[in-house]
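Input: one structure, supplied below.
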Amino acid sequence: MLTHSQLLQLKRWNTPTIYNGWEQITQSDVTADGINLDPITDFMPQMGPMVGYAVTLVVEPSNQTHQSNRQAWSAYREYVGAQPGPKIVCVQDLDRPRVIGSFWGEVNSNVHRALGCVGTITDGAIRDVDEMTNAGFKALARRLCVGHAHVIPVRWGESVEVFGQAIAPGQLVHADKHGFLAVPAADEAALLDAAVFMDANECNTVIAAARESAGHSTADTLAALNQASQQFGQAAQRKFGSRGEW
C-alpha cells in the first residue's frame with residue numbers, strides 16, 4: 001500500500017491528471033479499464049478529489065426480504081472497520097436503473113466517517129447532501145432521492161460493478177467531479193511519479209508554447225506548437241517508452 005504522504009500527494013491532483021500518468025505505465029486497456037463508463041455526478045465538487053482504498057457493498061433497497069438478516073449491519077460495519085484506510089465505499093445498487101431508496105444520508109455518512117471512510121461511489125442515489133458534506137463525506141452518485149426504502153447491506157467484501165466498471169475490494173480509487181479511476185494493483189507504486197512527470201511535461205512544452213504565443217504570427221505559433229509537441233512526445237518516450245497524447 002502507498003504511504004500516507006503518497007496518498008496526500010495524489011489527492012493534490014485532479015483525476016484526469018492521475019489518468020494521464022496512469023496511461024503511461026499501465027498494461028490495461030485505457031479505453032475500458034479502471035474508469036467509469038457511465039455518466040456520474042459529483043455532488044460535492046467543492047471538496048475536491050478523494051483518494052482511498054475500496055471497500056465494497058451491494059444493496060437492493062426495493063427488496064424487503066433482506067431485512068430478515070438482523071446481523072447484516074453489525075457484520076458489515078465490522079468489515080468496513082477492519083480494512084486499511086483511507087477508504088472509499090463503492091456501492092452496487094441492484095435496483096438500477098430504478099432508484100427506490102438511498103443507502104447514504106446524514107447517519108451513514110457520519111458512521112462511515114468514524115470508520116475511516118472519506119466518501120462513496122454509488123451507482124444508486126444519495127440524500128441529505130448538505131449533511132453529508134458537513135460530515136466531510138464526499139459522494140459520487142447517479143442521482144438524488146428522498147427515501148431509504150428497505151436499504152440494508154446485502155453483500156460486502158466482493159467485487160462490484162459501478163457505472164459500468166468492476167472494482168475489487170482494496171483497489172486504489174481516485175475520484176473527483178470528472179469521474180473515477182480504479183487503479184490496478186500493479187500500477188499503484190509508479191502512479192504518483194508518472195502523474196507528476198506528465199503534468200510537468202505538459203507545462204514545460206505544449207502549454208508553455210501556447211501561453212507564449214501572444215504577439216507572434218500564426219505561422220510562428222504553429223511552428224512553436226509543433227516543436228513543443230515533439231518535445232513532449234520525446235520526453236514521454238524517454239521516461240516511459242510511450243509518446244503520450246500529443
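Readers should treat all values here as calculations from the given coordinates under stated rules, not as data from a laboratory. Note that the coordinates shown come from a computational prediction; the quantities given were computed from them, not determined experimentally. Cβ sites come from the backbone with ideal geometry, for glycine too, and all protein chains shown count toward neighbours.
With the Cα gyration tensor of the stretch 191-240 in hand, convert its eigenvalues to equivalent ellipsoid semi-axes via √(5λ) and list them largest first in whole Å. Could you put the intermediate results ahead of the total?
Values: eigenvalues 117, 25, 4 Å².
Result for the stretch 191-240: semi-axes of 24, 11, 4 Å.
Another question about this same structure. Along each principal axis of its Cα atoms, how long is the stretch 109-175 end to end? Whole angstroms, biggest number first, please.
Computed over the stretch 109-175, the largest-to-smallest principal extents equal 29, 25, 20 Å.
If the cut-off is a Cα-Cα distance under 16 Å, which lysines reach residue 138, setting aside same-chain residues fewer than 8 apart in sequence?
Cα-Cα hits under 16 Å: 11, 87, 177.
Could you work out which residue, out of 68, 159, 229, moves most in a Gaussian network model of the chain, that is, has the largest mean-square fluctuation with Cα springs under 10 Å?
68
Further, regarding this structure: Between residue 77 and residue 185, how many nm apart are label points set 7 Å from Cα along the C-beta direction?
3.0 nm
Charges only on Cβ, +1 for Lys and Arg, -1 for Asp and Glu: so what's the dipole of the chain about the Cα centre, in debye to the nearest 20?
The dipole magnitude comes to about 380 debye.
Between residue 5 and residue 111, how many nm apart are label points set 7 Å from Cα along the C-beta direction?
3.7 nm
What number results when the radius of gyration of the chain, computed over Cα atoms, is divided by 2.2 N^0.38 Å? Display every interim value, and only then the final one.
Details: Rg = 20.6 Å, N = 246, 2.2 N^0.38 = 17.8 Å.
Cα Rg divided by the expected 2.2 N^0.38 Å: 1.16.
Here's another thing I want to ask about it. What's the exposure ranking of 162, 111, 173, 99, going from fewest to most Cβ atoms within 10 Å?
111, 99, 173, 162
If amide hydrogens are placed 1.01 Å from N in the peptide plane, which non-local residues have theirs closer than 5 Å to the one on residue 36?
It is 180, by chain and number.
Something else about it: State to the nearest 20 debye the size of the charge dipole of the stretch 191-240 about its Cα centre, where the only charges are +1 on K and R beta carbons and -1 on D and E beta carbons.
120 debye
Taking every DSSP beta bridge with both residues inside the chain, roughly what % is antiparallel (nearest 5)?
Numbers: 17 of 35 bridges.
Counting only bridges with both partners in the chain, antiparallel ones make up about 50 percent.
Looking at 218, 205, 104, which one has the Cα that reaches farthest to the positive end of the dipole of the chain (charges on Cβ: Lys, Arg +1; Asp, Glu -1)?
Sorting the options by dipole projection puts first 104.
Whole number please: convex hull volume per residue of the Cα set in the stretch 1-147, in Å³?
Considering the Cα atoms of the stretch 1-147, their hull volume per residue is 127 Å³.
To two decimal places, what compactness ratio does the stretch 64-189 give when its Cα radius of gyration is scaled by 2.2 N^0.38 Å? Numbers along the way, then the final one.
Values: Rg = 14.0 Å, N = 126, 2.2 N^0.38 = 13.8 Å.
Relative to the rule-of-thumb radius for its length, the stretch 64-189 sits at 1.01.
Have a look at 235, 208, 135 and tell me which one the Gaussian network model of the chain (Cα, springs below 10 Å) gives the largest fluctuation.
Highest fluctuation of the listed residues: 208.
Taking 25 Å as R0, compute the FRET efficiency from the Cβ-Cβ separation of residue 65 and residue 38 and round it to 0.05.
Efficiency for this residue pair is about 0.35.
Using only the Cα atoms, work out Rg/Rh for the stretch 94-147, with Rh taken as the Kirkwood radius, to two decimals.
Result for the stretch 94-147 is an Rg/Rh of 0.95.
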